[in-house]
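Participant: Quick one: this structure, given as structure tokens, is what I'll be asking you about.
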Amino acid sequence: MKIVLFGASGTIGRAILEEALKRKHEVTAAVPRPEVLEIQHSGLLTLSADLLRPEEVAGAAKDHEAAISAYGPEFGAEGELLEVARSLVEGLKTAGVKRLIVVGGAGSLKTDSGDRLMDTPEFPEEIKPLAAAHADAYEIYAQSGLDYTYASPAAIITPGRRTGQFRVGLDRLVVDENGKSEISAEDYAAAVVDELEEGNFIGSRFTVGY
């Protein structure tokens, strides 16, 4: 499949990039500074694009079958999530690209208590603005008219190992027998590319965890 990947230079974006290339997809990595990727691959094209500019999103996405956004704002710049969501939707519509997978947040997932994760007492106060912004951005994608999928990670996602062994959920946080919710960036990337290929959650959200 020919896909455009925004945010490929981040930890999660790079994991998705490597997973997609490993599976023989053609990837255009659209990032502000292509030189930081330092990846050479016959299936990879890199170009410069600013996600806050719909015309640059459209230019990068044109003639692609699907788009993946792994964009994540810097700490304290949570407001950009909504601007990026609107710009991404507008740009993809201009380019005629209907299929979109978004790397989202875990804060709005439901816990066993029925509360959203970000509303539980244990949720770090300093991360709440980011979690709330992710939740608001999710609504933008849900109302976009695109064939979107919102991919929420586990509560904790860190670089690690690709095991290929994880569980998939919908709107409820996936936890293990000890109540922990974790996933490696590499396994999360595998789940995202699975969704790209299989399309099991078009028009909805899913999450993964061990």
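The values are calculated or read from the model by the stated rules, or taken from the named source; none is laboratory data. Note that this is a predicted model, so its numbers are computed, not measured. Cβ placement follows ideal geometry from the backbone for every residue including glycine, while neighbour counts extend to all protein chains displayed. Please note that ligands, DNA and RNA were not included when accessible areas were found on the heavy atoms of the full protein model with its side chains. Shrake-Rupley method; radii C 1.70, N 1.55, O 1.52, S 1.80 Å.
Participant: Determine the order of 177, 126, 78 by accessible area, beginning with the largest, at a probe radius of 1.4 Å.
Facilitator: Of 177, 126, 78, the descending order of accessible area is 177, 126, 78.
Participant: Report the local net charge at residue 185: Lys and Arg +1, Asp and Glu -1, summed over other residues whose C-beta lies under 12 Å from its C-beta.
Facilitator: Residues close to residue 185 contribute a combined charge of -2.
Participant: Extent of the chain along each principal axis, from alpha carbon coordinates, in Å, largest to smallest?
Facilitator: 45, 33, 30
Participant: Still on this structure, I have one more. Can you give the net charge of the other residues whose Cβ lies under 15 Å from the Cβ of residue 157, counting K and R as +1 and D and E as -1?
Facilitator: Surrounding charge for residue 157 is 0.
Participant: Could you state the accessible area per residue of the chain in Å², with a 1.4 Å probe and every protein chain left in place?
Facilitator: 48 Å²
Participant: Can you grab the distance from the C-alpha centre of the range 1-73 to the C-alpha centre of the range 149-183, Å, no decimals?
Facilitator: The range 1-73 and the range 149-183 have Cα centres separated by 23 Å.
Participant: Just to check, using Stokes-Einstein with a Kirkwood Rh over alpha carbon pairs, what's the diffusion coefficient of the range 91-151 at 20 °C and 1.002 mPa s in µm²/s?
Facilitator: 168 µm²/s
Participant: Additional query: Using a 1.4 Å probe on the protein chains only, how many percent of the accessible area of the range 1-129 belongs to carbon and sulfur?
Facilitator: For the range 1-129, the apolar C and S fraction of the accessible surface comes to 49 percent.
Participant: Also: Among 168, 31, 103, which one moves the most in a GNM of the chain with springs linking Cα atoms closer than 10 Å?
Facilitator: For the chain, modelled as a Gaussian network with Cα springs under 10 Å, the answer is 168.
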